[in-house]
Each structure stands twice: as C-alpha cells, then as structure tokens.
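These notes are about the structure you will find just below.
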Amino acid sequence: LRIKAEETIYDLFLWGDKGEFKFFNDATGEGNAVPIEMEVTSILMEGTRRSDEWGRIRKVFPNSSVIVKVSAENLTREVLEDPVYNRVVQLLESPRRIADVCLAFHSNDFAVYKTIFDLYTFGLIEVQMGEEAEEKEEKKAKEEEVRLLSNQALKEYNSGEFEKSIQIFKYILALEPNHAFSKMMIKKAYDEIKETLISSDFTIEHVPYLKRTITPLDEFNFTPQENYILSRINGLNSVQSIIRISPIQELQALMIFKKLAKDNLIGFLPPSPVPESKK
C-alpha cells in the first residue's frame, strides 16, 4: 500500500500546470481511509526529481501515441542482461505506440517512459511519427497545398483565365470549406466573366430572338439547359427576365446565350425604350 500510495503522489507531480496542489499537515482521512505514514521531505524531493526528468522525457516523447522501435544493430550485452531493458527490447522489435508498451507492462507511465527514455539516450530507440504528429504533418501539408493552389488560382485570375481560377478556388474550398479568400475570389471571377459576357455582344436588357426555326431534324446536340433557354426565347422577353424564371445559374445562362449567338442561332434586339410616363 505504501508503494502504491507513493507512486500515486509522484504522479501528481507530473501534472505540471494542469493542477493545483495543497498540503495539509496532520490532516485525517475520511471514511474507511487507511492511514499510511510517509516522510514528506523525501516524497517532495523524489516528486520534484521526477517532475524535472518528466520534462526532459516529454521533449522526446510528447504523448503516448508516439511510435517507437528498437534499433537492434546497436544493442549491447549489458542492455540485454537487464531484465527490464530486455523486456522493452523484445516488445519493441516491431514498432509500437508507447501507450501499448505501458499497457503491456502493467506499471505506472513514468517507469515505462523512463525505461524507454534510457534506451533512447543509449541510441537504441528509433522514434517514429505518432498519431498527433501525423495529424500535424497532414495539416501542414494541406496548408501548403492550399497556399500553392491559391497562388496558382490568383495567377490564372490575373491572366484573365477566370473560369480556370474558379475551378481551382472551388477545389481549395473542397479542402478548406471556410477559406474566405477563395470565396471572395470566386465571386470576383464570376463578376469578371459576367462583365465580359454582357459587354461584347449584349446586355441583360437586350431581347433575344431566334434567327431560324429549329426543328428536330436539325443536327444540334443541345444540352437540357440550352433547350430550356431556347424554349423561353420569343422575341419579347429580355435576357434578364428569362434568367429570373430560370433554374439555371445566372452566369451559366449568360454563357448559353453567348454560345447560341456565336452559333448564329439567336440574335438580340436592343432594349425597348422606357415610355416617358414611366421615367
């Protein structure tokens, strides 16, 4: 009981700044507590020593998910003759998490960490990446990928390749849904495309009309969206009014109007003048 109680107290020293400690001299336990007499000075000294050593250990093994493996080529007879070291060596012939080693030992974490740390200082332990370290590396790699993609998308945008920049920014949002810069640039790119579409051939106030009658015998492979736009063109409704009732996104609809005009299937009438009474 004394050893177990001492180890429990020593573990408290390893909490670092995560706990608050108060010592009450001559305090009595409650209920069926079994009183155990201990030398306070020696407890404090050993606890402080372990706390200092724990800090050094944690610099090498920051958490129990760190994976370690024994470096067999550096083993010595002295290490193998030590029963504790020998058992750790056998456990670590293949890579294991420190948490698994602690579980196999049925001992307190400090003792296991200390044993592995000793072997590490002897040059007998290889430290591999743990789960948390892997997550950090993955996060770092994703951040770097997003940075490079952002630069590429911005380069496309500045070169006037707005559609390409939108595709890249959308890919970035798939990686990082809250990437504010990509959201902003997608909107700007859409605005640029829209400005290009409506300035060269028509505006949203222009009225589209069919230049020819399109029959089922015509060899056109229209998309469902193109068919929808064509079905709404009657020489009366403006581009804007057609888009308002359309389930198609505004930019895509404008691109369809431009394509149909390029194929010489539709033309545009200038906007009707606003009557004086409505000005």
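Would you confirm whether or not the range 87-98 contains a residue that is more than 30 Å from Ala174 (Cα to Cα), part of a helix (DSSP H, G or I) and either in contact with a helix residue (DSSP H, G or I) (Cβ under 6 Å, 6 or more places away or on another chain) or of a type in the set (Ser, Thr, Tyr) (or both)?
Scanning the range 87-98, I find at least one residue that is more than 30 Å from Ala174 (Cα to Cα), part of a helix (DSSP H, G or I) and either in contact with a helix residue (DSSP H, G or I) (Cβ under 6 Å, 6 or more places away or on another chain) or of a type in the set (Ser, Thr, Tyr) (or both), so the answer is yes.
Read through the list (1) exposed (fewer than 13 other Cβ atoms within 10 Å of the Cβ); (2) in contact (Cβ under 8 Å) with a residue 24 or more places away in the chain; (3) not hydroxyl-bearing (Ser, Thr, Tyr), then give the number of the only condition that Ala141 fails.
(2)
Among the listed residues Lys183, Lys211, identify the single one that is of a type in the set (D, E, K, R) and under 30 Å from Lys155 (Cβ atoms).
Lys183
If we scan the range 8-23, do we find a residue that is modelled with pLDDT of 80 or more, surrounded by fewer than 10 Cβ atoms within 10 Å (Cβ to Cβ) and not acidic (Asp, Glu)?
no
In the range 165-202, which residue that is outside any helix (DSSP H, G or I) and either assigned by TED's automatic domain parsing to the domain that holds Leu265 or not polar (S, T, N, Q) (or both) is surrounded by the fewest Cβ atoms within 10 Å (Cβ to Cβ)?
Only one residue tops the list, namely Pro177.
Can you tell me how many residues within the range 65-93 are more than 12 Å from Val127 (Cα to Cα) and either aliphatic (A, V, I, L, M) or in contact with a strand residue (DSSP E or B) (Cβ under 7 Å, 6 or more places away or on another chain) (or both)?
9
So, in the range 253-279, how many residues would count as being more than 12 Å from His206 (Cα to Cα), modelled with pLDDT under 85 and either under 44 Å from the mean Cα position of the chain (by Cα) or of a type in the set (Gly, Ala, Ser) (or both)?
Adding up the residues that qualify gives 1.
Scanning for something hydrophobic (A, V, I, L, M, F, W, C), at pLDDT below 90 and either at positive phi or not assigned by TED's automatic domain parsing to the domain that holds Val101 (or both), does the range 111-124 turn up at least one residue?
no
The values are calculated or read from the model by the stated rules, or taken from the named source; none is laboratory data. Just so it is clear, the model here is predicted, and its values are computed rather than measured. All Cβ positions, glycine included, derive from the backbone under ideal geometry; neighbour counts span all protein chains shown.
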